[in-house]
Each structure stands twice: as structure tokens, then as C-alpha cells.
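Read through the structure below, which is laid out as C-alpha cells, and then see the notes.
Each value in this text was obtained by applying a stated rule to the coordinates, not by laboratory testing. None of the values given here were measured: they were computed from a predicted structure. Cβ sites come from the backbone with ideal geometry, for glycine too, and all protein chains shown count toward neighbours.
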Amino acid sequence: MISNQYTLIDLETKEEVVAAARGKLRFMKLDEKSSFNKIVTMKSKKDIKTIQISPKVGDYVYYDDAEDIPMIMEIMPRENDLERPDVANVDQVLLVFSAIKPDFSFNLLDKFLIIMSQERLKPVIVISKIDLVDDKTLNILKDQLQYYVNMGHELYYVNSKQRIGIDTLTHVFQDKITVLAGQTGVGKSTLLNALMPELGLKTQEISEALGRGKHTTRHTELYYIHGGYIVDTPGFSKIEFHIFRPEELKQYYQDFSELSEQCKFKSNCMHLLEPGCAIKHAYETKEMLASRYENYMSFIEEIKAQKEKY
């Protein structure tokens with residue numbers, strides 16, 4: 001999508017169609033059950049309201065090609081709806097992190113995983129730039145990330161410029177719509193170029209002065225890849241999850257759920273100051289990756305510090 005022009009793929013003919021959105025489409029009256037009606041405040045109940053809706057990448061739509069300019073007439077209900085990146089109806093997210101430049105962030109990984117859990121999306125973790133760190137540093141990172149593999153997450157290590165590890169990724173796209181996401185500068189465009197050399201996407205190295213990359217992807221686009229589709233999205237350095245009450249956070253920690261039955265207060269335990277907490281015990285005895293619990297405590301404080309929205 002660029003401006004008010006949307007490139008559609010007709011599911012019957014497989015042809016591309018450039019269309020515009022019908023004016024009345026932009027304002028829709030939503031009931032409580034609508035997939036477009038999301039809770040974004042402290043309210044526990046969805047209101048019936050009229051909001052502005054625009055097509056986004058991943059939407060299924062009905063269009064009318066009777067006029068000179070095809071018009072999008074209706075957007076079908078969304079299975080899921082991400083804001084940053086701004087896409088809908090995806091099956092999985094390829095989370096790209098670099099081993100260095102920018103440094104790998106467990107905080108950002110855990111935050112991503114919370115959002116993926118909220119949207120019921122499968123994460124596939126990819127570590128790029130493995131050629132820029134020494135073997136000792138890489139092995140330490142691999143040892144720590146094994147915790148996530150043990151949780152059941154798929155994880156791959158790649159050197160996109162030399163195409164090392166690229167072939168191990170190709171099977172994950174079959175019959176799926178995949179989002180490619182991660183911080184600026186981690187090498188998303190370089191990875192896409194390695195997966196699909198015909199794209200020739202512009203890439204840019206991380207800024208030494210700023211410590212972050214510059215945006216090289218200017219718009220959101222859908223590409224056919226290895227039996228499925230992938231969405232390339234503009235880079236970003238800040239993500240937010242919509243959690244308004246601290247007690248809600250623990251439900252998005254699958255490793256906590258497995259241990260919480262051993263807590264003295266079981267499901268009522270917040271895993272903070274309570275005696276007999278199995279989560280704290282796992283952290284203190286190093287059965288749990290230290291950053292996993294430390295990020296949880298950090299996120300609790302972040303949620304508490306939010307301005308309340310009603």
C-alpha cells in the first residue's frame with residue numbers, strides 16, 4: 001500500500017490489481033464482537049462505536065472492478081491485527097535480532113514474545129550478523145538462547161551476506177503469511193535479499209554515531225516467497241504492548257505457567273514478593289534464565305508507570 005493506492009492479489013486469478021478504498025469504508029460502526037474493536041484502555045468492556053478503518057497489508061477484501069479504478073468495498077474480519085508493524089492476518093513473525101550492531105537485547109525479545117502471545121502468533125527467532133562476533137561471544141549467546149529453544153521456539157543463526165544458514169530457513173514460509181520484524185539495523189533487508197536476491201532491496205549499515213540504523217524500507221509490501229508470503233516492514237526501535245494491569249502480564253509467560261502450580265499461592269501469586277514462589281526460586285537457583293525474570297519485573301514496573309486511559 002502506498003498513499004491511497006492498494007495493490008491487491010486476486011485470490012482467483014492470482015493477478016495484481018491496483019485499487020482505491022471506497023470513501024464510506026473508512027468509518028465503520030462496530031459492535032462488541034467485531035474483530036476491528038480492540039481494547040486499548042483500562043476498560044474491560046468493548047464499546048459499540050464508530051471508528052475509522054483503512055485497509056492494511058494482509059487484509060482480505062472485496063473489491064469492485066466495474067469502474068475505471070477498482071474500489072475496495074469491504075474489509076473482511078481480521079484474525080489478528082498488529083500496529084507496529086502495521087499488518088493483519090499473519091500466521092507467524094520472523095523476529096530478526098543481530099548478535100551485535102545493535103547488541104542483542106533479551107528485553108526486546110521478551111517484549112516481542114509477549115506481543116506475539118497476545119496476538120496468538122507463532123514467533124520464529126533469527127539471529128543475524130553472527131560473523132561479526134567471536135566464537136566465545138556467540139557460544140555464550142547460544143547457551144542463553146537455548147532456554148527459548150527449550151520453551152519450544154524455533155531459532156536460527158544466519159550470516160545473510162555470505163548466505164550462511166539461509167537454506168535452513170526456506171521451509172518455514174510454506175503456506176504461511178509471515179511478518180519480518182525487528183529493530184532498525186539488525187539486517188532485515190539484507191536477510192530478505194539473501195532469501196530473495198531478485199528484490200535488490202536497499203540496505204544501510206548501522207550508524208556508529210547514533211548506535212542505531214536508519215530506515216531503509218519506506219513502505220509495507222507483500223512478497224511471494226518459498227510457497228508463502230512475507231511482509232517487509234519499516235524498521236522501528238520501540239514497541240509497546242497493551243497490558244494495563246500488572247496481574248495480566250504473567251499469563252503471557254508460558255514458562256511461568258508451567259511452574260506456577262508449585263507456588264504457595266498458585267494462580268494468585270504475582271511472582272514478586274510472595275513467599276513460596278516457584279518462579280523466584282527458579283530464578284535464584286539459576287534454573288531460569290536470569291534476564292527472563294528480570295525483564296518480567298521490569299515490565300511490571302513499566303505497566304504500573306503507564307498513564308491510565310479510560
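Per-structure values
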{"item": "Under 5 Å, built H, 5+ apart or other chain: amide partners of residue 83", "result": "none"}
{"item": "20 Å Cα-Cα threshold exceeded, pairs from 250/280; 101/136; 136/188; 122/304; 56/176; 14/176", "result": "136/188; 122/304"}
{"item": "Segment residue 117-residue 267, length gained on full extension (0.36 nm per residue, minus Cα span)", "result": "52.1 nm"}
{"item": "Region 63-144: GluC sites (Glu not before Pro) falling in loop per DSSP and having at most 10 other Cβ within 10 Å", "result": "67"}
{"item": "Residue list for region 249-269, given a label point 7 angstrom along the Cα-to-Cβ vector of residue 287 and an amide N cut-off under 14 Å", "result": "255-264"}
{"item": "Simple label model, 7 Å out from Cα along Cβ direction - residue 154 to residue 9, nm", "result": "1.7 nm"}
